[in-house]
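First comes the structure, then the notes that go with it.
The values are calculated or read from the model by the stated rules, or taken from the named source; none is laboratory data. This structure is a prediction, so every number in the text was calculated from the model and none was measured. Using ideal geometry, Cβ is built from the backbone for each residue, glycine included, and neighbour counts are taken over all protein chains shown. Ligands, DNA and RNA are stripped out before the accessible areas are found, and what is left, the full protein with its side chains, is counted by its heavy atoms. Shrake-Rupley method; radii C 1.70, N 1.55, O 1.52, S 1.80 Å.
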Amino acid sequence: MPGVESDLHSIGELARASGLTVSALRFYDSAGVLAPALVDPVTGYRWYTDEQIAPARLVAGLRRVGMPVPEIAAAVRAEPAAVHRLLDTHLRRLSDGLADARREITRLRALVDPVPPATTTLLLSPAELAAAVDAVRFAVGADPELPVLSGVLLDVEPDGVRLVATDRHRLALARAGASVDGPPVRVLVGVDLVDRLRTLLDAADAGPVRLTVAGADLRVTVAGRTLAGTALPHDFPDYRRLLREAVGERPGAYRIPVDVAALRAALTDPAAPTVAREYGGEPLAVTVLGLDDRGGLRLIPAADIRAADLSAAGLSPDLLAGPDPAGELRVGVNSGYLLDALDAAGASQLVLELDGPIAPLAVRRPDDADTFSVLMPIRL
């Protein structure tokens, strides 16, 4: 044993060489991250090889930047390219966490030293605001345990307002241009107030909508009628981060033009192919989307024997036999959610963006980059 140990490093020596403490090395041994090359069966002393110094230094660095232990374990065993991907993912997580911390500190400063809220006033087109509300209203959450999702976020920018709604299963965004007087502001408007506003917009004969935000106080004036309310006291999720994670830049995604009327007819046909799944203990009929041999959209049945063929020109009367000509693309989606998204888009032609079975499905207008919805896929 002494002759063998002379070629190894004790745990103290590895600690000095790597920057990890002895207790940390013991922890990473017990966690299966960095096991010693040899453990003396009599003394229990741990011994490490020269080749373990570099991994130990990697562990020390990853620990300093707060990477979770499972990811540290993966990095120690991964190829360099995979380690770089882990580092990129962790860096994005740190950036998002820093942004969240800054918002929290800003709120804490306001609690410590409150100042009168600034007032922001917007002048908007009634028709444009109504279209934006219609584009996102279907995605508002109804779960009483998630009140933060029970409204529409108004994210006021220097030249307009972005409307955002999500129920975790789907996310919808739209934008209305506006003349803005005051600082940018984010305010969460309860669905009841949103619906009352939408009714006023239908009654509007002429003139712009005046929307005033002062802290949590909201006031809307439309055609001589005024609606007042209070914003919800919740922090809406960072939808920009959700978008980066959900759609982001996806160069390999399929962007498929579809005729909305044809797709709606196919989805609502009693003979439309579906696969049976279960969600929350209840049966769920899942529509499976795929590609035909022309790059158009088709609905794929459970057995993948026959499929309704769809194209941008409309519904084909032919049924395809045999396997999916495109090979592998399968995206499961709640057909009711997809129908809601088609209706909310308010267009006769849309683009569906598909990027594999576990990537979100985007429903876009071809001529409006600011209005679209995202549906979470159902694992097949």
Obtain the nm distance between the two label points defined at residue 142 and residue 123 by a simple spin-label model: each point lies 7 Å from its Cα along the Cα-to-C-beta direction.
3.9 nm
What is the angle, in °, between the Cα long axis of helix 191-203 and the longest principal axis of the Cα atoms in the chain? Nearest 10 is fine, range 0 to 90.
30 degrees
Once all protein chains are kept in place, residue 348 shows an accessible area at probe 1.4 Å, nearest 10 Å², of 80 Å²
Test item: Cα-centred dipole of the range 161-206, Lys/Arg +1 and Asp/Glu -1 on Cβ, debye:
320 debye
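For the chain, state the semi-axes of the equivalent ellipsoid (square roots of 5 times the eigenvalues of the alpha-carbon gyration tensor), sorted largest first and rounded to whole angstrom. Walk me through the intermediate numbers first.
Numbers: eigenvalues 483, 232, 50 Å².
Listed largest to smallest, the semi-axes of the chain are 49, 34, 16 Å.
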Taking the Cα centre of the range 77-172 as the origin, how large is its charge dipole in debye, to the nearest 20, when only Lys and Arg (+1) and Asp and Glu (-1) carry charge on their Cβ atoms?
340 debye
Quick one: compute the contact order of the chain, relative version, from alpha carbon pairs under 8 angstrom and 6+ residues apart, as a percent.
12 percent
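If you place +1 on the Cβ of every Lys and Arg and -1 on the Cβ of every Asp and Glu, how big does the dipole about the Cα centre of the chain come out, in debye to the nearest 20?
Here the chain has a charge dipole of around 760 debye.
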Residue of 65, 156, 331 that the Gaussian network model of the chain assigns the largest fluctuation, springs spanning Cα pairs under 10 Å
65
Could you state the accessible area per residue of the chain in Å², with a 1.4 Å probe and every protein chain left in place?
52 Å²
Euclidean distance of C-alpha centroids, the range 257-302 and the range 145-204, integer Å:
31 Å
So what is the calculated 222 nm ellipticity per residue for the chain, using -39500 (n - 2.57) for each DSSP H run with n of 4 or more, over all residues, to the nearest 500 deg cm²/dmol?
-10500 deg cm²/dmol
Among 60, 271, 173, whose Cα projects farthest towards the positive end of the dipole of the chain, with charges put on the beta-carbon of Lys, Arg (+1) and Asp, Glu (-1)?
60
On a 0 to 90 degree scale, rounded to 10, what angle separates helix 80-112 from the longest Cα axis of the chain?
60 degrees
Carbon and sulfur together cover what percent of the accessible area of the range 132-283 at a 1.4 Å probe radius?
51 percent
Can you tell which of 299, 283, 41 lies farthest toward the positive end of the dipole of the chain, using +1 and -1 charges on the Cβ of basic and acidic side chains (Lys, Arg; Asp, Glu)?
41
